[in-house]
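See below for the structure under consideration.
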Amino acid sequence: MNMADTLKWIATLLALVTTLGLLLSRDWRWSLATLALQYLGIFWLVHSHWPLSMAAVKLVTGWMVCAALGLALHRSGAHTASETAWPQGRLFRSLAGGLIALAAFTLAQKTATWLNISLAMAWGSLLLMGMGLLHLGITAQPLRVILGLLTFLGGFEIIYAAVESSSLVAALLAVINLCLALVGAYLLNAHVAEVAE
């Protein structure tokens, strides 16, 4: 195994840790810091197929998304509300995340041969998409929904980077990420205003 493959596996393990961190974290500050680290892993996995300048766009866009959401949460003075719907236990979330990670690893082996990409890249992509869908399935809070959508989109971008290396597509995906952040900031402020009334 060469150095590039080792770095891909480190980035995939970083994606695993950060998605579990997003799933278990209840504080918005920790969640956004974890999302910023997740974008670092996505950057490295995308960099294996895209040039450094295009992959850096993904990293900078991800950090801008984190900054926009953080600014919206800071200005609104929102505190993390507790989940009112079942399931809310950390043990359940950990077990569900473990099942998603195992299923993603199993599917990644066929995906890697089908798309002719490394196993680490396929697993990282499917892991992020699966955890993003899990995140969307167990929460209704606006911040958690946006984090789930961004996680899913990050996983999609990793797989898509192996298929398409167009600058226009990279720009379009960056715009989609920024638009999701703006919609999330609007929904967060609207949710806080609704709760205050």
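Every number here is computed from the coordinates shown, using simple stated rules; none is lab data. Everything quoted here is computed from the prediction, not taken from an experiment. Positions of Cβ are backbone-derived with ideal geometry, glycine not excepted, and every protein chain shown enters the neighbour counts.
One quarter of the convex hull surface built on the alpha carbon atoms of the chain amounts to 10.6 nm², the projected area averaged over directions. Result for the chain in a Gaussian network model with C-alpha springs under 10 Å: among 29, 75, 144, the largest mean-square fluctuation is at 75.
Compute a Gaussian network model of the chain, connecting alpha carbons closer than 10 Å, and tell me which residue from 146, 159, 138 fluctuates the most. Of 146, 159, 138, the most mobile in the Gaussian network model is 138.
Roughly how large, in nm² to one decimal, is the mean projection of the convex hull of the alpha-carbon atoms in the stretch 109-149?
3.0 nm²
The angle separating the long axis of helix 52-76 from the principal Cα axis of greatest extent in the chain is about 10 degrees. A simple spin-label model places pseudo-atoms 7 Å from Cα toward Cβ; at residue 6 and residue 99 they are separated by 3.7 nm. Pairwise alpha-carbon distances in the stretch 98-197 exceed 17 Å for 58% of all pairs. For the chain, the longest principal axis of the alpha carbon atoms and the long axis of helix 167-196 meet at an angle near 20°.
Springs between Cα atoms under 10 Å define the GNM used for the chain, and in it the highest mean-square fluctuation of 44, 63, 30 occurs at 30. Sequence-ordered 3J(HN,Hα) estimates for the stretch 148-156 from the Karplus curve with 6.51, -1.76 and 1.60 and θ = phi - 60° stand at x, 5, 5, 5, 4, 5, x, x, 4 Hz, glycine and proline given as x. When each of the peptides 110-123, 93-106 is scored by how many other beta carbons lie within 10 Å of its residues on average, the order from highest to lowest is 110-123, 93-106.
The Kirkwood hydrodynamic radius of the stretch 1-51, based on inverse pair distances between different Cα atoms, is 11.4 Å. Between residue 169 and residue 64, the distance separating the two model label sites (each 7 Å from Cα on the Cα→Cβ line) works out to 2.1 nm. Here the extension length gained between residue 116 and residue 71 equals 12.2 nm, from 0.36 nm per residue of separation less the Cα-Cα distance.
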